[in-house]
Structure formats: C-alpha cells, structure tokens
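Asks: Here it is, the structure, as structure tokens.
The values are calculated or read from the model by the stated rules, or taken from the named source; none is laboratory data. All values derive from a computational prediction rather than experimental measurement. Heads up, the Cβs are rebuilt from the backbone with ideal geometry, glycines too, and the neighbour counts pull from every protein chain shown.
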Amino acid sequence: MTNILETLSKYKNIDDTYKYAYIGIPKGCGGLTEPFYGTLHKFKKRYPNFSCKLKLPTLFYMHGSIGLTKGALFRKWIVEDANFIFFAPNSFKIKDRPTYKNPAKISKYQKVHKLRQAEIHHNLSKINELKFIDKENMFLMGNSEGGLAAAYYRGREFKGRIITAFSCEESYYSQGFKIGAKKSDPFLNIIGTHDEYFSNDSKTNKDHEVDGHGTKILDKYKKAKVIILPQTKHDLTLNIYVKEDIVNFLKFWSKR
C-alpha cells in the first residue's frame, strides 16, 4: 500500500484519470433514449442532474497501452449487449506518465504497472460518487497492458475479472507477477495462439519460458475459464467469438 501512496503523490494530476474517464451508460438508465458514450466530464456537463432509479452492474475497464482504441468496441458490447455501465480510467491524461517501446528494460515496464495499480485505487475511491453503479456487482476487466493491471490487482471490490490479450503469467513484461484475485472469484482469461507479445513463441518471449496462456497459474481457481483462440493475434476484437464470451460471462455471474 505504501508504494501505491507514493505513486499517487508522484503524479499530481492523477484525478484527471477519473474526471476524463471513458464511460458508457445503457439506454433507459436515467431516461436516456440512447446509450451514452464519452468521457465522465462530458457526461456531467450534458446531464448535470442525472439520476437513475436502478443501480446497474458495472464493468471497470483498464485500457491498453494505446488507450481506448480497442476498448471502444468492448465498451459497445458491454453497454448494449450486457446492459452494464462501462467505466475506464483515462491513463493518458496523466502528465509525464511512464511509457515504453518494446522491447524495453523490465524497470520501464514495472513503472507503468505501478502507475496502473495506482489508477485502480484512485478511481475506486472516487467511483462512489456515481450513485447509479451497483457496488455489489462490479467486475474488473483489462486488455493487454490493462490486462496485467486487472489480473494483478489485489483488492476485493470486484465480483469477477476478465483478462484479454494477456497470458496471466510472468514473462518479459513483468517481474514478480501473481494473480491478485481470490481463488474463489470468477475469472475469464482470453488470449490468441498467435499473440505477438504474450504467446509462447512471440519474439518478445524468446528468452523466457512461458506457456502463452493462463491455464497453469489459474489451475487452482475453481471458477476460472481460459479461452485460447486459434489463429488469433493480439487484437482479440477481430475474433467472432470474443463478444459472446465476454457478454455471457458477465450475464452469468452478475446474477449470482
């Protein structure tokens, strides 16, 4: 926890990750005639007195190193097909945030991972302001860089987790990686056999012994499911099965 506090104090404008978080709100919530997609700042400006009688299940999403580019499609699926609130901290708003270009030294990756953990902590402390979120029905999802952040997070606020485009194992990309979820938590890991960064024969992992998926590390997680997609690369949104896999997982576990 000390490291989290140190990281939060280092990045003075980290609250902008919340203020300009990417959100999605389903049609019908608070009288919306169509789904809302945009930033939290834009939403509050457009709907200053917004209220919704029902509290909706929520997906807390950690975007990858290129931002919400791929997450925008995930957001649409989550909002329109699962009828969930979508909330994603906007990491790109942090001034002087650490970055990397593959391949990089492990120390560069670790700085990014520490910051992403701090983002989760900070945004969870702020998200209570949104009265239409069902705090007992929140799920954590992350893609690629955000996938590591979501898998590693050690808090107990989430009912289940979805990790995409990350193998859930230690590799060139991390040091001391461990799953942070409880062994009783629902857990979905989706990755392609031809992932350019995390598969067992990727160039980045040539000096590391990895399986390229999370089946071994998740072996003791009774509610875990690992989906390995043949002929699929890092961009999982191109695979026709991924949408149903994610939506069905959320619908199934949000009702339990």
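Asks: For the range 72-99, give me each residue that is in a helix (DSSP H, G or I), closer than 16 Å to ILE120 by Cβ and touching a helix residue (DSSP H, G or I) at 6+ places or on another chain (Cβ under 8 Å).
Replies: SER91, LYS93, listed by residue number.
Asks: Here is a further query. Kindly indicate the residue of the range 168-201 that is of a type in the set (S, T, N, Q) and touching a helix residue (DSSP H, G or I) at 6+ places or on another chain (Cβ under 9 Å) and also surrounded by the fewest Cβ atoms within 10 Å (Cβ to Cβ) among those meeting that condition.
Replies: Of the range 168-201, the ones of a type in the set (S, T, N, Q) are 171, 174-175, 184, 189, 193, 199-200.
If we keep only those that are touching a helix residue (DSSP H, G or I) at 6+ places or on another chain (Cβ under 9 Å) as well, we get 171, 174-175, 189, 199.
On the way: SER171: 24, SER174: 17, GLN175: 12, ASN189: 27, SER199: 23.
Here the residue is GLN175.
Asks: Separate question: Would you say ILE78 is among the β-branched types (Val, Ile, Thr) and over 28 Å from GLY176 (Cβ atoms)?
Replies: yes
Asks: From LYS95, LYS105, LYS114, which residue is surrounded by 15 or more Cβ atoms within 10 Å (Cβ to Cβ) and at pLDDT 95 or above? Walk me through how you get there before you give the answer.
Replies: Details: LYS95 fails: surrounded by 15 or more Cβ atoms within 10 Å (Cβ to Cβ); LYS105 fails: surrounded by 15 or more Cβ atoms within 10 Å (Cβ to Cβ).
The match here is LYS114.
Asks: Turning to a different aspect of this structure: Touching a residue at least 60 places away in the same chain (Cβ under 8 Å), under 11 Å from the mean Cα position of the chain (by Cα) and outside any helix (DSSP H, G or I) - does that describe any residue in the range 119-132?
Replies: no
Asks: Would it be correct to say that GLU169 is more than 21 Å from SER51 (Cα to Cα), among the acidic types (Asp, Glu) and not in a helix (DSSP H, G or I)?
Replies: The answer is yes for GLU169.
Asks: Continuing with the same structure: Checking ALA181 against (1) closer than 21 Å to HIS113 by Cβ; (2) among the hydrophobic types (A, V, I, L, M, F, W, C); (3) in a helix (DSSP H, G or I): exactly one of these is not met. Which one?
Replies: (3)
Asks: Taking the condition of being part of a helix (DSSP H, G or I) and either of a type in the set (Asp, Glu) or free of Cβ contacts under 8 Å to residues at least 12 places away in the same chain (or both), how many residues in the range 141-164 meet it?
Replies: Residues in the range 141-164 being part of a helix (DSSP H, G or I) and either of a type in the set (Asp, Glu) or free of Cβ contacts under 8 Å to residues at least 12 places away in the same chain (or both): 1 in total.
Asks: Which residue pairs have Cβ atoms closer than 8 Å, lie 6 or more positions apart in sequence or on different chains, and pair a first residue in the range 196-225 that is touching a residue at least 24 places away in the same chain (Cβ under 8 Å) and within 20 Å of ALA104 (Cβ to Cβ) with a second residue that is basic (Lys, Arg) and not in a loop (DSSP other than H, G, I, E, B)?
Replies: Hits for this filter: GLU196/LYS203.
Asks: Under the condition of being more than 22 Å from ALA88 (Cβ to Cβ) and among the hydrophobic types (A, V, I, L, M, F, W, C), which residue from the range 1-18 is modelled with the lowest pLDDT?
Replies: In this case the residue turns out to be MET1.
Asks: Would you say PHE50 is assigned to a loop (DSSP other than H, G, I, E, B), more than 27 Å from PRO98 (Cβ to Cβ), modelled with pLDDT of 95 or more and aromatic (Phe, Trp, Tyr)?
Replies: So PHE50 fits the description; yes.
Asks: Being of a type in the set (D, E, K, R) and either out of contact with any strand residue (DSSP E or B) (no Cβ under 9 Å at 6 or more places or on another chain) or part of a strand (DSSP E or B) (or both) is the filter; apply it to the range 9-28 and report the residue that is farthest from ASN128 (Cα to Cα).
Replies: By that ranking, first place goes to LYS10.
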